[in-house]
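One structure below.
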Amino acid sequence: MAQNAGSESDVSVVYEDLVLREDRGGVSYLTLNRPKAYNALSLGCMQALINELNGVADDKSIKVVVLAGSGKGFCAGHDLKEMKEGATEAFYQETFATCAELMAKIQSIPQPVIAKVHGIATAAGCQLVATCDLAYAASDSRFATPGVNIGLFCSTPMVALTRAVHPKQAMAMLLTGEMVSADKAEKVGLINEAVAPNELDERVDQVAQLIAAKSSYTLKVGKEAFYQQRDMSQSEAYSYCSRVMTENMLAHDAQEGVDAFLNKRSPCWQGR
């Protein structure tokens, strides 16, 4: 983990302590650590999270990632103060390119990523939730893409949002900027489940451990195939996934899993 070399609003900050990492039970818990700024995604914060995800991706002991936020909320989106101070085309381009890199990284690492949401998840924070493979939220949390309220349409959050929820639900959020309850977010598919605030940690840990008990090789194959086939035609998707399943079936862990099932024993995964 990097050490903080400057203030959170310093564009040139060496990316530090902006994301905390704790590993236990095969799960890596990554926590956005800018509580005073509602974990706004400064350039440094995004780069720190990318760095941590790169480290997790190469760590064979980690089966699942849980992404959370410190303080009163999950993530309030991009750091508007930083964007105001760094008001140049080059800085904006770097900011949004880094954001796109971050979202792609979440979906490209082999481990499933679970968003654990409390408080608010707005703009790019809502984008983070929509991008994660799974998302669980406290029942009193709220979601929004409110850029339209300040003259800045949430175009990049829209990319993830429109791939997670029904187009008309996404458009309503984008056009009105209104807050959406956790219950509504669950109904439209933005999150998997809304739970009582005091049960959120336990529920996320339960799901993380359930997934962590699976073959890491199988999780990697399945996650990659999910995103690859999503934008293919049906015939292309079946052709691609047939190849994936053939390769998967030939792998050690699939052979081990089938044998364990037939012989009514617990499988012994080797991650290959």
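The values are calculated or read from the model by the stated rules, or taken from the named source; none is laboratory data. For clarity, every value in this text was computed on a predicted model and none was experimentally measured. Cβ coordinates were reconstructed from backbone atoms using ideal geometry, including for glycine residues, and neighbour counts include every protein chain displayed. Note: areas computed on protein heavy atoms with side chains; ligands, DNA, RNA excluded. Shrake-Rupley method; radii C 1.70, N 1.55, O 1.52, S 1.80 Å.
Solvent-accessible area per residue for the chain at a 1.4 Å probe radius, Å²?
With the other protein chains kept in place, the chain gives 50 Å² per residue.
Can you give me the long-range amide H partners of residue 66? Hydrogens built in the peptide plane at 1.01 Å from N, cutoff under 5 Å, separation of 5 or more residues or another chain.
Excluding prolines and chain starts, which carry no amide H, the hits are 28, 29, 30, 114.
Picking from 156, 177, 192, whose Cα lies most toward the positive end of the charge dipole for the stretch 133-226 (charges on Cβ: Lys, Arg +1; Asp, Glu -1)?
After comparing all options, I get 156.
What is the angle, in °, between the Cα long axis of helix 252-262 and the longest principal axis of the Cα atoms in the chain? Nearest 10 is fine, range 0 to 90.
The angle comes out at about 60 degrees.
Using unit Cβ charges (K, R positive; D, E negative) and no other charged atoms, how large, in debye to the nearest 20, is the dipole of the chain about its Cα centre?
About 600 debye.
For residue 232, list long-range residues whose amide hydrogen, built 1.01 Å from N in the peptide plane, is under 5 Å from its own amide hydrogen.
Those qualifying (amide H under 5 Å, at least 5 residues apart or on another chain) number zero.
Which one, 53, 125, 64, is farthest towards the positive end of the dipole of the chain when Lys and Arg carry +1 and Asp and Glu -1 on their Cβ?
After comparing all options, I get 64.
Using a 1.4 angstrom probe and counting only protein chains, how large is the accessible area of residue 236 in Å², to 10?
It works out to around 100 Å².
Could you tell me the largest-minus-smallest coordinate of the C-alpha atoms of the stretch 145-272 on each of the three principal axes, in descending order and whole angstroms?
Sorted largest first, the three principal extents are 59, 42, 19 Å.
What share of all Cα pairs of the stretch 213-272, in percent, falls into each consecutive 10 Å distance bin?
Per 10 Å bin, starting at 0, the Cα pair percentages come out as 23, 45, 26, 7.
Return the distance in nm (one decimal) between the two label points of a simple spin-label model at residue 171 and residue 150, each offset 7 Å from Cα along Cα→Cβ.
Between residue 171 and residue 150, the simple spin-label model gives 2.6 nm.
Probe radius 1.4 Å, ligands and nucleic acids ignored: give me the carbon and sulfur share of the accessible area of the chain as a rounded percent.
With neighbouring chains kept in place, the figure for the chain is 54 percent.
Hey, in the GNM for the chain with a 10 angstrom Cα cutoff, which one of 108, 233, 28 fluctuates hardest?
Fluctuation is largest for 233.
³J(HN,Hα) across the stretch 242-249 via Karplus (A = 6.51, B = -1.76, C = 1.60, θ = phi - 60°), whole Hz, x for Gly/Pro?
Couplings: 5, 5, 4, 5, 4, 5, 4, 5 Hz.
Karplus couplings for the stretch 22-39 from phi (6.51 cos²θ - 1.76 cosθ + 1.60, θ = phi - 60°), rounded to Hz, Gly and Pro as x?
9, 10, 7, x, x, 10, 9, 9, 9, 10, 4, 10, 10, x, 5, 9, 6, 6
Report, in degrees rounded to the nearest 10, the 0 to 90 angle that the Cα long axis of helix 216-229 makes with the longest principal axis of the chain.
For 216-229 against the chain, the angle is about 60 degrees.
Angle check, please: helix 167-176 long axis (alpha carbons) against the longest principal axis of the chain (alpha carbons), in degrees 0 to 90, nearest 10.
That helix lies at roughly 20 degrees to the long axis.
Do the sum for the chain: with -39,500 (n - 2.57) for every DSSP H run of n ≥ 4, divided by all residues, what is the mean residue ellipticity at 222 nm, to the nearest 500 deg cm²/dmol?
Helix contribution divided over all residues of the chain: -14500 deg cm²/dmol.
Enumerate the amide H contacts of residue 19 below 5 Å, restricted to partners 5 or more residues apart or on another chain; note that Pro and chain-start residues carry no placed amide H.
Amide H neighbours of residue 19, under 5 Å, 5+ apart: 33.
Using the structure shown, list the pairs from 116/220; 60/264; 36/187; 36/105; 72/184; 81/223 with a Cα-Cα distance above 24 Å, or answer none.
60/264; 36/187; 36/105; 81/223
Express the Stokes-Einstein translational diffusion coefficient of the stretch 57-166 in µm² s⁻¹, to the nearest whole number, given a Kirkwood radius over alpha-carbon pairs, 10 °C and a viscosity of 1.306 mPa s.
Answer from the Stokes-Einstein relation: 108 µm²/s.
Only four residue types carry charge here, +1 at the Cβ of Lys and Arg and -1 at the Cβ of Asp and Glu. Report the dipole size of the stretch 173-231 about the Cα centre in Debye, rounded to the nearest 20.
340 debye
Considering only 165, 258, 180, give the residue with the highest GNM mean-square fluctuation for the chain, with springs between Cα atoms whenever their separation is below 10 Å.
Highest fluctuation among the options: 258.
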